[in-house]
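The values are calculated or read from the model by the stated rules, or taken from the named source; none is laboratory data. Nothing here was measured: the structure is a model prediction, and the numbers come from that model. Cβ coordinates were reconstructed from backbone atoms using ideal geometry, including for glycine residues, and neighbour counts include every protein chain displayed. The accessibility values were calculated without ligands, DNA or RNA, using every heavy atom of the protein model including side chains. Shrake-Rupley method; radii C 1.70, N 1.55, O 1.52, S 1.80 Å.
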Amino acid sequence: AYEKLWLALALVLIVGFIGTITYGAAGAGIEMIDDKGGTVDPATLDDHPKFGDPGIEKTGENSYDVYLVARQFVFEPGTSEPLRVPAGSTVTFHVTAADVIHGFDVVGTNANTMAIPGQVAEFTVRFEEPGEYGIVCNEYCGSGHHVMEGSIVVM
Ligand code: CUA
């Protein structure tokens, strides 16, 4: 008889979690809508056609690709200058790391991934509302971990 009760409780919890995630994304004006990945050779990252000169490129009317490298203790691009995108654009991020494992977390949104040497995290984000959004590294990566940050400006 208790099994049904536990099942019901578990369902309530799951619905609650989904609600929290949806609310978090909608509230911030940024929404992560896709998540996949690939691989890259970290030894030749600097010679890579995209990651060798990381940055943003326009791929369509309202769409962009961002190739981003995390390394101790910066996001390239994002740290030395904010990453700038127009409001209403859809941006596919390709994120990797040059040295050790880092995190890439757009503060207050569900755009969040690990940046792992040799792997490319790929996810698509829709930027709806203008504003400045912080990026932080949320994986411990060394002595400068706590200052590893950047920003995205939605114009
Ligand atoms: Cu990079 Cu913590």
Subset of the stretch 104-130 (residues that are away from the ligand (no atom under 16 Å from the Cβ), within 27 Å of Asp41 (Cβ to Cβ) and open to solvent by 30 Å² or more (accessible area, probe 1.4 Å)): Glu122
Flagged in the stretch 109-155 as assigned to a strand (DSSP E or B), modelled with pLDDT under 95, within 14 Å of Phe75 (Cβ to Cβ) and of a type in the set (Gly, Ala, Ser), in numbering order, are Ala121
Restricting to the stretch 79-103, name every residue that is within 12 Å of the ligand (Cβ to nearest atom) and among the small types (Gly, Ala, Ser). Ala97, Ala98, Gly103
Ser151, sole failed condition from (1) open to solvent by less than 50 Å² (accessible area, probe 1.4 Å); (2) more than 16 Å from the ligand (Cβ to nearest atom): (2)
Output the residue which, of all residues in the stretch 1-53 that are more than 24 Å from Thr109 (Cα to Cα) and among the polar types (S, T, N, Q), is modelled with the lowest pLDDT. Thr39
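Can you pull out every residue in the stretch 131-142 that is open to solvent by 90 Å² or more (accessible area, probe 1.4 Å) and more than 7 Å from the ligand (Cβ to nearest atom)?
So the first thing to find is which residues in the stretch 131-142 are open to solvent by 90 Å² or more (accessible area, probe 1.4 Å), and the list is 132, 140.
If the condition is that a residue be open to solvent by 90 Å² or more (accessible area, probe 1.4 Å) and more than 7 Å from the ligand (Cβ to nearest atom), then Glu132 is the only one that fits.
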Of the conditions (1) open to solvent by 40 Å² or more (accessible area, probe 1.4 Å); (2) over 13 Å from Glu149 (Cα atoms), Ala97 fails just one. Which one is it? (1)
